[in-house]
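> For reference, the structure I am asking about is given below.
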Amino acid sequence: MVLHHPRWVMYDLRRLGRVDRMTDRYDVIIIGSGAGGGTLAHTLAPSGKRILLLERGNYLPREMANWDPGPVFVDGRYISADTWYDKSGKPFQPQVHYYVGGATKMYGAALYRLRPADFGEIKYSDGVSPAWPVSYADFEPFYTRAEWLYQVHGCHGEDPTEGSWSRQYPWPAVSHEPRVQQIADDLAAAGYHPFHAPCGIALDEADRAASTCIRCAWCDGYPCLVHAKADAETIAVRPLLGLPNVTLLTGAEVTRLDTDPAGREITGVQLLRAGQQEIYAGDIVVLAAGAANTSRILLRSACDAHPGGLANGSDQVGRNYMFHNSKAVAALAREPNETVYQKTLGLNDFYLASDDGRGPLGNLQMLGKSNAMAMKGEEPKLTRLAPRWSLDEVARHSVDFWLTTEDLPRPGNRVTVDDRGQIHLSYSATNQTEAAALYGEVKTIFDKIGIAAHHVLDKNFYMDMSIPIAGVAHQAGTCRFGKDPASSVLDSDCKAHELDNLYVADSSFFPSIGAVNPALTVIANAIRVGDHLARRLG
Ligand SMILES: Cc1cc2nc3c(=O)[nH]c(=O)nc-3n(C[C@H](O)[C@H](O)[C@H](O)COP(=O)(O)OP(=O)(O)OC[C@H]3O[C@@H](n4cnc5c(N)ncnc54)[C@H](O)[C@@H]3O)c2cc1C
């Protein structure tokens, strides 16, 4: 059912039983409780403004399966049942997570800042990564607040590519375990610049007894059973639950936004909850449903004033989808790797263009430790015939890395919505030359630091896996912000150019994605948008 209405019509429909609930008006309605929406609610809550946080998922259950790679990786227990379609119309199950806290319930909590260069133009073989309408200096105070809010452990000053920082991390860097320390030492001896990766976990290495985090292997890609991962639920949403001015509705899937006849103001937020349709109204409405779902809601909200979808006069809503050109590599060494928490090391020696003409290639970081079931889940074809014991042995010897190359915003890489409201994701990879070159550099590194010299197999062997279209973990860019309304959806404050009370505060706003993990930038931007809204609301 589609409703275009002044308020009295909504009341009328309610009386008729077609709309199930109307409420008082809220100051701010936030759609989605993940990195963007949850953090925004947390930023705005102290203002005392009445906030309604709408989340389509429920709480992720705390159960032993949280830390069991079989249910997590093989059965996909925490992946949504959504079906999306690729550019040829082929259905696939996207790896999206609809819970309070969104994708951060499953994330690895590697909380990197973009580099200052990422805010300017960067040239790649496939084209130009565009500049942002704001600078790194504009973002820096919000990165610092994000790092303190999400309890990031790290050491500013170690990575030569990082920008200026106004405050050290709140927690010291997580120490390397012996095998990782050896790799860090070998890298430094070979002339590279390894650094301690920024990790958002509640670990106190000085007082292990008081530490919530037990430093286990179940962090990257798993929910945290003991709530020791700094995710949006534990850090941002849970602390708000007792506040009188914040209401969280779970199981509330927003389907459509309604506007006034002129199309300048959102007048109603339609949602489905327990099979019933409800409508809510707020002075400000913020979309933070994730890059694909935010576009879906805007495109499904087409009306007379916005025939191509809400806020879409520029035809940019849904376009410029990016998700990183990433590869996981397991290097197999003869000696066993007993590391438990492996995500402590990063390397940005290939992040920027070099003086001798090599282009920017990307970031290298260590991944959560491989295990047999995760390999089965991630590489079902390759591992189908392998007995469990052989995979256990492979995993015991693996040293795991994650390679990221920037993905360029392309108008044709886009989210569209069909008549049934289903998401179609059209995507072709970019910057494959750079991604291949980064892999080449990494193999050279392995040779230099002796990983290759100890191979289990006769020849060098690395299991590498490029991430297919269903790997939407780093989705971004579908409502980019910019100064020109003809080529962007949002202005520099992340307000829709074409509407007075609609904002977007998830990863959709990225005009380019850089080559480091996106969550800290989503979080920092949500704090930035929160400050703006607090000022606007007085
Ligand atoms: C396995 C995995 C590992 C990752 N590791 C890292 C990492 O180590 N470092 C890093 O920086 N990033 C990582 N990421 C990416 C990171 O989690 C995302 O970039 C970040 O969460 C994006 O924030 P968001 O607010 O845009 O979306 P989300 O955090 O996904 O939040 C969107 C929310 O909107 C809700 N929603 C969707 N549609 C609707 C609707 N119609 N109505 C109401 N609610 C809706 C969703 O349920 C969800 O809660 C990882 C992601 C995954 C999946």
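> Hey, got the Cα dimensions of the range 145-184 along the principal axes, in Å, largest first?
33, 22, 10
> Over all directions, the average projected area of the alpha-carbon convex hull for the range 401-441 comes to how many nm²?
Here the figure is 3.9 nm², rounded to one decimal.
> Below 13 angstrom from the Cβ of Ser398, what's the summed charge of the other residues (Lys, Arg +1; Asp, Glu -1)?
With Lys, Arg at +1 and Asp, Glu at -1, the neighbours total -4.
> Helix-only estimate, please: 222 nm mean residue ellipticity of the chain, summing -39500 (n - 2.57) across DSSP H runs of length 4 or more and dividing by its residues, to the nearest 500.
Taking each H run of at least 4 residues, the total per residue is -6500 deg cm²/dmol.
> Moving to a separate point now. Kindly provide log₁₀ I(q)/I(0) values, in the same order as q = 0.11, 0.20 Å⁻¹, from the Debye equation applied to equal alpha-carbon scatterers of the range 255-338.
So the normalised log intensities work out to -0.44, -0.97.
> How large is the Kirkwood hydrodynamic radius of the range 283-411, in angstrom, based on all distinct alpha carbon pairs?
Radius from the Kirkwood sum: 18.6 Å.
> Excluding ligands, DNA and RNA, what is the solvent-accessible area per residue of the range 198-251 at a probe of 1.4 Å, expressed in Å²?
37 Å²
> If you don't mind, there's one more thing I want to ask. Could you give the nm distance between label points at Arg536 and Asp86, where each point is 7 Å from its Cα heading toward the beta carbon?
3.9 nm
> Follow-up question, since we're still on this one. Keeping the other protein chains in place, figure out the carbon and sulfur percent of the accessible area of the chain, with a 1.4 Å probe.
Carbon and sulfur atoms account for 53 percent of the accessible area of the chain.
> What Kirkwood Rh does the range 214-306 have if only Cα atoms enter the pairwise 1/r average? Answer in Å.
Computed over Cα pairs of the range 214-306, the Kirkwood hydrodynamic radius comes out at 16.0 Å.
> Local charge sum around Thr104 (other residues, Cβ-Cβ under 14 Å, Lys/Arg +1, Asp/Glu -1)?
Surrounding charge for Thr104 is -2.
> How big is the Kirkwood radius of the chain, worked out from every pair of different alpha carbons and given in Å to one decimal?
In the chain this quantity evaluates to 23.7 Å.
> Give the Cα extents of the range 203-265 along the principal axes, in whole Å, largest first.
60, 29, 21
> Tell me, rounded to the nearest percent, the portion of alpha carbon pairs in the range 79-135 spaced more than 19 Å apart.
61 percent
> Something else about it: How long is the range 53-109 along each principal axis, judged by its Cα atoms, biggest number first, in Å?
If we take the Cα atoms of the range 53-109, the spans are 38, 33, 20 Å.
> Can you work out the FRET efficiency for the pair Gln181 and Arg388, with r the C-beta to C-beta distance and R0 = 30 Å, to the nearest 0.05?
0.50
> Separate question: Under the Karplus relation 6.51 cos²θ - 1.76 cosθ + 1.60, θ = phi - 60°, what is the ordered set of whole-Hz ³J(HN,Hα) values for the range 289-295, x standing for Gly and Pro?
Here the 3J(HN,Hα) series is 8, x, 4, 6, 6, 4, 5 Hz.
> Could you please state, rounded to a whole Å, how far the C-alpha centre of the range 231-291 is from the C-alpha centre of the range 88-105?
19 Å
> With Cβ to Cβ distances under 12 Å as the rule, what net charge do the other residues near Arg319 carry (K, R +1; D, E -1)?
Within the 12 Å Cβ shell, the charges total +2.
> Students often forget the sequence filter, so: which aspartates and glutamates lie under 18 Å Cα-Cα from Lys483 once same-chain residues fewer than 8 apart are removed?
Here the aspartates and glutamates satisfying the reach criterion relative to Lys483 are Asp118, Glu121, Asp138, Asp315, Asp491, Asp493, Glu498, Asp500.
> Could you give the angle, 0 to 90 degrees to the nearest 10, between helix 136-149's Cα long axis and the longest principal axis of the Cα atoms of the chain?
80 degrees
> For the range 141-229, rounded, prolate or oblate, judged on the Cα gyration tensor with a ≥ b ≥ c (square roots of eigenvalues), a/c < 1.5 rounded, else prolate if a/b > b/c?
Oblate.
> Still on this structure, please answer the following. Quick check: with the 1.4 Å probe, what order do Lys123, Lys343, Lys381 take by accessible area, largest first?
My answer, sorted largest first, is Lys381, Lys123, Lys343.
> As a quick test, which of the pairs Lys49/Lys105; Lys87/Lys443; Lys105/Lys376; Lys123/Lys369; Lys90/Lys229; Lys229/Lys327 have an alpha carbon distance above 29 angstrom in this structure?
The pairs that break the limit, which is 29 Å between Cα atoms, are Lys87/Lys443; Lys123/Lys369; Lys90/Lys229.
> What whole-number value in cubic angstrom gives the convex hull volume per residue for the C-alpha atoms of the range 47-182?
Convex hull volume per residue, Cα atoms: 250 Å³.
> Starting at the first residue of the range 528-538, write each ³J(HN,Hα) from the Karplus equation 6.51 cos²θ - 1.76 cosθ + 1.60 with θ = phi - 60°, in whole Hz, x for Gly and Pro.
Karplus-based 3J(HN,Hα) across the range 528-538 equals 4, 5, x, 4, 4, 5, 4, 5, 4, 7, x Hz.
> While we're here: State log₁₀ I(q)/I(0) for the range 152-287 at q = 0.11, 0.13, 0.16 Å⁻¹ as given by the Debye formula over alpha-carbon point scatterers of equal weight, solvent excluded.
The calculated log intensity ratios at q = 0.11, 0.13, 0.16 Å⁻¹ are -0.69, -0.82, -0.97.
> Say a paramagnetic label sat at a point 7 Å from the Cα of Val340, along Cα to Cβ; which residues of the range 224-243 have their backbone N under 19 Å from it?
Of the residues in the range 224-243, 224-230 have backbone N under 19 Å from the label point off Val340.
The values are calculated or read from the model by the stated rules, or taken from the named source; none is laboratory data. If you're wondering where the values come from, they're calculated on a predicted model, not measured in any experiment. Virtual Cβ from ideal backbone geometry, glycine too; neighbours counted across all protein chains shown. Side chains included, ligands, DNA and RNA excluded: accessible areas come from the protein's heavy atoms. Shrake-Rupley method; radii C 1.70, N 1.55, O 1.52, S 1.80 Å.
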